[in-house]
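The values are calculated or read from the model by the stated rules, or taken from the named source; none is laboratory data. This one's a predicted model, so the numbers in the text were calculated from it and none came from an experiment. Cβ sites come from the backbone with ideal geometry, for glycine too, and all protein chains shown count toward neighbours.
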Amino acid sequence: MSNVRVVIPSLLADSSRLGAMCDAATRAGASPVIIANSAHLYRQLAASAIPHITSRRNDGFAASVVLGAEEDWDWLVILNDDLVFDPDDLTACLSAKHLDAFDPATIVHFDNEQARRIPTRVGVLLNVSLLSNIARKVLSRWHERQPGSDNSYRSFSAVAIGRRAWDMAGGLDTRYPFTYEDADFVRRARGHGVQVTAIQTSIVHLHSQTGARLITTVLPVATWSALEYLTKWFGNRTLNRWLLVLAFAVRAPIAALTASQPRNQMRAITNTVRALVVDERPSLPDWHSVGGAEHAGAAEAAGGRQ
């Protein structure tokens, strides 16, 4: 039987939900671990029997997964901390018997995430500017590439990665602090012939709704990931920085008119443009500073991102 490692990055999720995930994994014979990306969560987990580790930093999703993947395993399962699931269904997905039905050079998705096009330079800029959101709403025929296309990927919110697929792609790239790590991984994996598949389950990714509360921190970091992605795949970092600044010039009036909290959006855009202009990496919420009701559920700023 294969060894299954289940890694769940979290900033400040409900410990009962995390415990239920770990229980489902344990019943499947897997080895689960929570990556605690805040001191507040770490203290909660330390007072429980929930398996956990921490780097005592909030380095983001990719770095959290890589930390959890340091054990020996044949299948690495990544779970966001904001999933809704039937425990028996999740247990079945995480069992070695179930996963061993797939070739180890395979990526297997478990949740309801839709396939998206692997980002191009234009695609990234349209997304940052919010023009792609407008296109989806205005053009009824706008659609994403279907799963199975060689030019598509799905978010790593509930996914199993075979050992050979991980090694062939070279693992997650930790230069991405918040987003684009899944698109980058699939892009590399597909180049090595790794297969990507999805199975029907009852697992649903909620997409935490508290992002607006932390938008002034999250948006600069997400955009930094976009810059790293553009530079890695298309070169010319300086050009990419200024194209992103231009994209934010387009985004600003759209956000001002459509956002539920336009003042926070404007602050977020200002912070992001400043980071791009000076070419200085912004930081996620600090490991020591996050905690309390004002950040409850803000998993997308740690690892369990959208």
- Note on the structure: Of the residues in region 49-99 that are among the aromatic types (Phe, Trp, Tyr) and more than 15 Å from Met21 (Cβ to Cβ), the one that is surrounded by the most Cβ atoms within 10 Å (Cβ to Cβ) is Phe61
- Note on the structure: Within region 145-158, residues being crowded, with 18+ Cβ neighbours inside 10 Å and under 25 Å from Thr231 (Cβ atoms) number 5
- Task: Filter region 177-189 for residues that are modelled with pLDDT of 95 or more and assigned to a loop (DSSP other than H, G, I, E, B) and give the result.
- Result: Tyr180
- Of the candidates Ser95, Ser55, Ser31, Ser2, the one satisfying the condition of being within 25 Å of Ser289 (Cα to Cα) and among the polar types (S, T, N, Q) is Ser55
- Being farther than 24 Å from Ser283 by Cα and either in contact with a Pro (Cβ under 6 Å, 6 or more places away or on another chain) or modelled with pLDDT of 95 or more (or both), is that true of even one residue in region 7-15? no
- Can you name the residue in region 20-43 that is more than 16 Å from Ser95 (Cα to Cα) and out of contact with any Ser or Thr (no Cβ under 7 Å at 6 or more places or on another chain) and is also surrounded by the most Cβ atoms within 10 Å (Cβ to Cβ) among such residues? Ser38
